[in-house]
1. Taking θ as phi - 60°, what are the ³J(HN,Hα) couplings along region 235-248 by the Karplus curve (6.51, -1.76, 1.60), each to the nearest whole Hz, with x for Gly and Pro?
2. Determine the percent antiparallel among the DSSP beta bridges restricted to region 135-249, to the nearest 5.
3. In the chain, with Lys and Arg counted as +1 and Asp and Glu as -1 at Cβ, which of these residues, A345, G111, A260, has the Cα nearest the positive end of the dipole, that is, farthest along it?
4. Please identify the GluC sites (Glu not before Pro) of region 286-359 that satisfy two criteria: DSSP loop assignment and at most 10 other Cβ atoms within 10 Å. Which are they?
5. Can you compute the charge dipole magnitude of region 60-196 about its Cα centre, using +1 on each Lys and Arg Cβ and -1 on each Asp and Glu Cβ, nothing else charged? Give it in debye, rounded to the nearest 20.
6. Let a ≥ b ≥ c be the square roots of the eigenvalues of the Cα gyration tensor of region 307-359; is it rounded (a/c under 1.5), or, if not, prolate (a/b larger than b/c) or oblate?
7. Working out 0.36 nm times the residue gap between K74 and R316, then minus their Cα-Cα distance, what length gain in nm do you get to one decimal?
8. Once phi is turned into ³J(HN,Hα) by the Karplus curve 6.51 cos²θ - 1.76 cosθ + 1.60 with θ = phi - 60°, what whole-Hz value does each residue of region 304-318 show in order, with x for glycine and proline?
Amino acid sequence: MDIVVIGAGYAGTGAANRLAKKVPTARITVVNPRPDFVERVRLHEHLAGTGTAAIPLAEMLVPTIATRVAGADKIGDGTVTLDDGTELDFDYLFVAVGSTAAPLPGAIPVGTWEGAEQARTALAALPADRTVTVVGGGLTGIETAAELGQARPDLRIRLVGAEIGASLSAGGQRRVRRGLARLGVEVVTGAVERVGDGTIELSSGGALASDLTLWAVVSAVPDLAARSGLAVNAGGRALVDPYLRSVTDPRVFVVGDCAAVPGARMACATAAPQGAHAVDTLARMIEEREPQPYSMGYGGQALSIGRRDAVVQASRRDDSPLPVSFDGRGAAFAKERIVRYAAWAARTGNSVWLSGPKQ
């Protein structure tokens, strides 16, 4: 049996390693455009020069798993065509290509490896007293602005977003703003209309000077599923059945950010359980047992505010925030353990999660 996994992020790497245990007779091949596993939740550290986000796939995957460093060009009927023109046959396919960014021209995306590398280079060349603007008031934007505020106190760091920390409770949002203020990060509430040469235009009509603009909004997905003829929603995410199989082809499992799972948030906290559940579904199918529908609930969110502070926000299983949050060094310790767990889950294929909210 040939199983191909496209994408070596949290969902794909974890799924491949779990497949090696659950379906030991299968020939597993992981296709990824780079020879590294990227810890996306550490990209803000990577671009700021306070840490690294890349781990060689050889250190993350079970030795029996084959790898192809290439991009996937198209999914066909039992085949995957790679961007070098070669094809891989599959009996089952796992699509885990993640998400990407669609920045305004003139801004550098920081939620991808390539963008983080570009931002790291640009920041290293930026003289003191220049202004760096981070666009995006979600967790990626907050973490990026805070990391730069601590790592580069010689720069003026600004965070711009229509809302800052919208997924957090009111208390969590206050903790975020206090943490950013301690690091000297200016917060501007507003939507960005255009990024020009040294300026940012807001939809409200105002303008801000900016020597370097970083785009911290991750909301798009690669178009592999759409251009391969798999059914997708309006946002390009692949439509799946309750078992995480493509509604177009039941041999194709779609997991992580690129899967249109109702109620799912783009996050490593989502990707790992989906990858694990899809593998368990396939194992049940091979054993001619009835598969179980996917169900997952959230417990909260955690975000770094520099290296010595963080905010941990508790949530209901439907991901809505509870009025419970904490910050400080204890929160920073908890956030680091969560990040390490995510990498461990990918490396081992082991993952645990809460069941979803009752309907």
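The values are calculated or read from the model by the stated rules, or taken from the named source; none is laboratory data. Values in this document were obtained by computation on a predicted structure and should not be read as measured data. Positions of Cβ are backbone-derived with ideal geometry, glycine not excepted, and every protein chain shown enters the neighbour counts. Heads up: the accessible areas ignore ligands, DNA and RNA and are worked out on the full protein's heavy atoms, side chains in. Shrake-Rupley method; radii C 1.70, N 1.55, O 1.52, S 1.80 Å.
1. The phi angles translate into x, x, 7, 5, 6, 10, 7, x, 9, 6, 9, 4, 5, 8 Hz.
2. Working: 8 of 14 bridges.
Antiparallel: roughly 55 percent of the beta bridges in region 135-249.
3. It is A345, whose Cα lies furthest towards the positive end.
4. Listed in order of number, the matching sites are E287, E288.
5. Values: 13 positive and 16 negative charges, 242 e Å.
Taking the Cα centre of region 60-196 as origin, the dipole is about 1160 debye.
6. Details: a/c = 4.05, a/b = 1.05, b/c = 3.85.
Verdict is oblate for region 307-359.
7. 83.3 nm
8. Ordered by residue, 3J(HN,Hα) equals 7, 10, x, 8, 10, 8, 6, 10, 10, 10, 7, 9, 6, 5, 7 Hz.
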